Amino acid sequence: GPKVLQIPSHQIIDMGQMVTLNCDPVSNHLYFYWYKQILGQQMEFLVNFYNGKVMEKSKLFKDQFSVERPDGSYFTLKIQPTALEDSAVYFCASSLEGPSNERLFFGHGTKLSVL
Amino acid sequence: GQQVQQSPASLVLQEGENAELQCNFSSTATRLQWFYQRPGGSLVSLLSNPSGTKHTGRLTSTTVTKERRGSLHISSSQITDSGTYLCAMERNNNAPRFGAGTKLSVKP
């Protein structure tokens, strides 16, 4: 079936550094999402992106976070600067149509470890 | 407050038994989606329905939006069904919000 690829699968960085998480969504999908899951905890919504704009974000989407998809390439989540509490698995998802109209397809996640 | 609540938190079954997983949500939902999260973390979409009952294979999803609840029935459970089942609620055009999940263990 359709696949969402996330690169890298694991990233280790020092607190205060910048990190960019990359997502290659399903090729014809138009809506993109990031979720955060701390080990053993609930999957939390971060942000929803469409047509070059943030459509919806949660209070977890701090000022240090940003998303973009330049020229239809990777959909990225950038954290600058990182904090210890940013350690989690970040899942990217995409859908052809907007929420409530279409299933979401998820990547395998990028595990971010902030030291 | 917690928008999506799932029960039970964990469930242990013998192979061949049926499972009934519950999902309750605190506001009006447009649709419920059920996902399976593998022990390694990746998610697979199982079923998605705005209301009523939907079947696929051994899975049956029932959503009663007026009563703000849904359920996932797994018949004749298999060892490979073990993992975490997540309910996600969608409201209007907002992105899905997840519950904490039901961890299912199926024993031989």
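Please arrange B:Glu67, A:Glu97 by counting, for each residue, the other beta carbons lying within 10 Å of its beta carbon, fewest first.
Placing the least packed residue first, the sequence is B:Glu67, A:Glu97.
Pull up the cross-link candidates among the aspartates and glutamates for B:Lys103, meaning alpha carbon to alpha carbon under 14 Å and not fewer than 8 places away within one chain.
Qualifying aspartates and glutamates at Cα under 14 Å: B:Glu20, B:Asp81.
Once you sort the root eigenvalues of the Cα gyration tensor of the protein assembly as shown as a ≥ b ≥ c, which label holds: rounded (a/c under 1.5), prolate (a/b larger than b/c) or oblate (the other case)?
Judged from the Cα gyration tensor, the protein assembly as shown comes out prolate (a/c at least 1.5, a/b above b/c).
Roughly how many Å is it from the Cα centre of segment A:61-115 to that of segment B:12-62, as a whole number?
If you average the Cα positions of each part, the centres end up 24 Å apart.
Provide the net charge surrounding A:Pro25, with neighbours chosen by a C-beta distance below 15 Å and charges set as Lys +1, Arg +1, Asp -1, Glu -1.
-2
Could you work out the local net charge near B:Leu46, counting Lys and Arg as +1, Asp and Glu as -1, over the other residues with Cβ closer than 13 Å to its Cβ?
+3
On full extension of the chain, what length is gained from B:Thr53 through B:Lys66, given 0.36 nm per residue of separation minus the C-alpha to C-alpha distance?
Computed gain between B:Thr53 and B:Lys66 is 3.3 nm.
Of A:Lys111/B:Lys107; A:Lys57/A:Lys78; A:Lys36/A:Lys62, which sit over 18 Å apart, Cα to Cα?
Table pairs above 18 Å Cα-Cα are A:Lys111/B:Lys107.
What aspartates and glutamates does A:Lys3 reach when the alpha-carbon gap must be under 17 Å and sequence neighbours fewer than 8 apart in one chain are set aside?
Of all the aspartates and glutamates, those that pass the test against A:Lys3 - Cα under 17 Å, at least 8 places apart if same chain - are A:Asp24, A:Glu97, A:Glu102.
What is the sum of charges, Lys and Arg at +1 and Asp and Glu at -1, for the other residues whose Cβ falls under 13 Å from the Cβ of A:His108?
Net local charge, A:His108 excluded: +2.
What's the magnitude of the charge dipole for chain A around its Cα centre, counting Lys and Arg as +1 and Asp and Glu as -1 at the beta-carbon? Answer in Debye, nearest 20.
So the magnitude is around 100 debye.
Starting at the first residue of segment B:55-60, write each ³J(HN,Hα) from the Karplus equation 6.51 cos²θ - 1.76 cosθ + 1.60 with θ = phi - 60°, in whole Hz, x for Gly and Pro.
10, 8, x, 8, 9, 10
Would you grab the residues whose amide H sits under 5 Å from the one on B:Ser82? Only those 5+ places off in sequence or on another chain, please, with H modelled 1.01 Å from N.
B:Val106
Only the coordinates and a few stated rules stand behind these numbers; no lab work does. Predicted model only: the values in this text are computed from it and were never measured. Methodologically, a virtual Cβ is constructed for each residue, glycine included, from the backbone with ideal geometry; neighbour enumeration extends over all protein chains shown.
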